[in-house]
Every structure is written in C-alpha cells, then in structure tokens.
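S.K.: Got a structure here, written out as structure tokens. Questions coming.
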Amino acid sequence: MQLFLDGSDIEKIRKFSKLGLIDGVTTNPSIILKSGKNMIEVISELAEIVSGSVSAEVSALDSETMIEEGIKLSEIAKNVTVKLPITWDGLAACNALYKKDISVNMTLCFSVSQALLAAKAGAEYVSPFIGRLDDLNLKGVELISDIKLVYSNYKFPTKILAASIRTINHVKECARHGSDVATIPIDIFERLVKHPLTDSGLSQFTADWEKTGQSII
Ligand code: G3P
C-alpha cells in the first residue's frame with residue numbers, strides 16, 4: 001500500500017519524505033485554510049519535496065471552471081493531481097482532463113456507484129472517505145473492498161486512495177482490505193511507529209548491552 005500524507009506541514013512532510021516513506025501528499029480546501037498560506041505556493045512547495053502525486057483541489061462547482069482551474073493547477077508541476085468532487089460536473093471535468101493526460105483524484109466518494117463513475121470518467125485515483133462513513137455508523141473500510149471487487153471485475157486502472165483516516169486502526173484496515181493508497185493525517189502517521197512493547201524491549205536490550213561492556217564500532 002502506498003502511503004500519502006494528508007496535510008500541508010512542509011517541515012514534517014520534508015522529514016518523512018527524506019526517510020523514503022512517503023509516496024505522495026493530498027490536500028483539500030480545509031487543509032489549505034488551516035495552513036493560512038497561499039494554495040499555489042503550498043502545492044508548488046509540496047510538489048518539489050515529494051516526487052509522487054500531490055493532490056490539489058479545485059474550488060469551482062461547474063465543469064467549465066473546474067477544467068480551467070484543473071489545467072492551472074496541473075501546470076504547477078508534473079506531479080500535481082487535480083482533485084475534483086464526484087458530481088456530474090466533476091465527472092465531466094474529470095473526463096476532459098483525462099483526455100488531456102492530466103491526473104485526476106475524484107474525491108468525496110461514499111458509494112460504489114460513485115467509484116464506478118469515477119473510473120469510467122478516467123480518474124487516476126478515487127478517494128473513499130472512510131472516517132466520515134464510520135461517523136454515520138457505517139463500516140467505512142467495507143467500501144474499499146467493494147470498490148476493489150468492482151474495479152477488478154472490469155480491470156479498471158483507477159487506484160483506490162483511502163481518505164478521511166482518523167485512527168491507526170484505519171491504516172491497518174485499509175491495508176487489510178487492499179487499498180492501493182492510504183492518505184494519512186500527519187499526527188496519525190507520526191504515531192504509526194509507536195508500540196509500548198518496542199519501547200520497553202529496547203530499554204531492556206540497551207541496559208543489558210551496556211552491562212556486557214562491549215562495543216561494535
Ligand atoms: O482527504 C480528505 C480527508 O482529509 C477528510 O478527512 O477527517 O475531515 O473526514 P476528515
């Protein structure tokens with residue numbers, strides 16, 4: 001499973017990217033608002049730091065302006081993916097951008113039928129929002145396996161990019177259900193490495209090694 005960061009904290013994204021762990025980044029209007037920065041500048045910076053896909057979302061609701069905004073965003077850098085909502089206008093814009101060889105991530109996906117339309121329109125990614133489905137007492141991750149089944153039935157190349165990830169368990173479940181990508185908020189990504197048994201085991205090994213009086217280098 002590819003790991004994307006869902007956020008715009010440049011320093012933290014740079015840090016994890018240097019470790020070779022990050023395959024891409026996603027943003028949305030709420031993330032840009034929180035950053036307090038200019039969207040074009042944020043996307044340019046992210047696209048330089050990360051070699052993989054960087055999703056930048058359009059603001060328009062009509063297809064004509066979505067296409068215009070999408071072309072502008074795609075011109076920021078080769079690795080920019082244009083993020084569009086799954087509406088009829090979004091699907092029309094997706095197909096138009098696909099025909100221009102522009103990568104599209106269809107976002108706000110909550111059903112298999114929406115994912116099917118996104119694939120038909122030529123999206124490179126579809127983003128099911130699993131946390132927001134869980135909020136409604138539904139099983140968000142089940143949408144991932146359902147979409148996966150439908151895509152494999154018809155060999156659609158569209159990749160499933162699990163979004164709205166709220167917990168470490170969500171990350172595990174996305175991997176278990178075969179999501180192609182999980183986009184993870186930075187604070188959750190930072191906690192992925194943590195386990196109390198790793199900490200206590202390491203303390204014990206370190207103390208015992210010191211008692212041996214040896215050194216390796
Ligand atoms: O990429 C979209 C995702 O970040 C939304 O997450 O937690 O606002 O549902 P959330």
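S.K.: Could you say whether any residue in region 170-184 is away from the ligand (no atom under 13 Å from the Cβ), of a type outside the set (Phe, Trp, Tyr), modelled with pLDDT of 95 or more and over 20 Å from the mean Cα position of the chain (by Cα)?
M.R.: No, there is no match, as no residue in region 170-184 is away from the ligand (no atom under 13 Å from the Cβ), of a type outside the set (Phe, Trp, Tyr), modelled with pLDDT of 95 or more and over 20 Å from the mean Cα position of the chain (by Cα).
S.K.: While we're here: Restricted to region 110-167, and to residues that are within 13 Å of the ligand (Cβ to nearest atom) and in a loop (DSSP other than H, G, I, E, B), which residue is surrounded by the most Cβ atoms within 10 Å (Cβ to Cβ)?
M.R.: ILE165
S.K.: Could you list all residues from region 81-96 that are crowded, with 22+ Cβ neighbours inside 10 Å and among the charged types (D, E, K, R)?
M.R.: Listed by number, the list holds a single entry, LYS83.
S.K.: Moving to a separate point now. Please determine whether any residue of region 186-199 is hydroxyl-bearing (Ser, Thr, Tyr) and more than 16 Å from the ligand (Cβ to nearest atom). Working first, answer last.
M.R.: Step one: list which residues in region 186-199 are hydroxyl-bearing (Ser, Thr, Tyr), which gives 198.
Subsequent filtering for residues that are more than 16 Å from the ligand (Cβ to nearest atom) retains 198.
Yes: one or more hits.
S.K.: Can you name every residue in region 117-143 that is of a type in the set (A, V, I, L, M) and in contact with a strand residue (DSSP E or B) (Cβ under 6 Å, 6 or more places away or on another chain)?
M.R.: ALA118, ALA123, VAL126, ILE130, LEU143 - these are the residues of region 117-143 that are of a type in the set (A, V, I, L, M) and in contact with a strand residue (DSSP E or B) (Cβ under 6 Å, 6 or more places away or on another chain).
S.K.: Same structure again: Filter region 191-217 for residues that are in a helix (DSSP H, G or I), within 28 Å of LEU21 (Cα to Cα) and of a type in the set (A, V, I, L, M, F, W, C) and give the result.
M.R.: Answer for region 191-217, where residues must be in a helix (DSSP H, G or I), within 28 Å of LEU21 (Cα to Cα) and of a type in the set (A, V, I, L, M, F, W, C): LEU197, LEU202, PHE205.
S.K.: Residues LYS15, LYS72, LYS78, LYS37: which one is at pLDDT 95 or above and surrounded by 15 or more Cβ atoms within 10 Å (Cβ to Cβ)?
M.R.: The match here is LYS15.
S.K.: Please go through region 100-121 and pick out each residue that is farther than 23 Å from ILE43 by Cα and either modelled with pLDDT under 95 or not β-branched (Val, Ile, Thr) (or both).
M.R.: Listed by number, the residues that qualify are PHE110, SER111, SER113, GLN114, ALA115, LEU116, LEU117, ALA118, ALA119, LYS120, ALA121.
The values are calculated or read from the model by the stated rules, or taken from the named source; none is laboratory data. Values in this document were obtained by computation on a predicted structure and should not be read as measured data. A quick note on method: Cβ atoms are made from the backbone with ideal geometry, for glycine too, and the neighbour counts reach across all protein chains shown.
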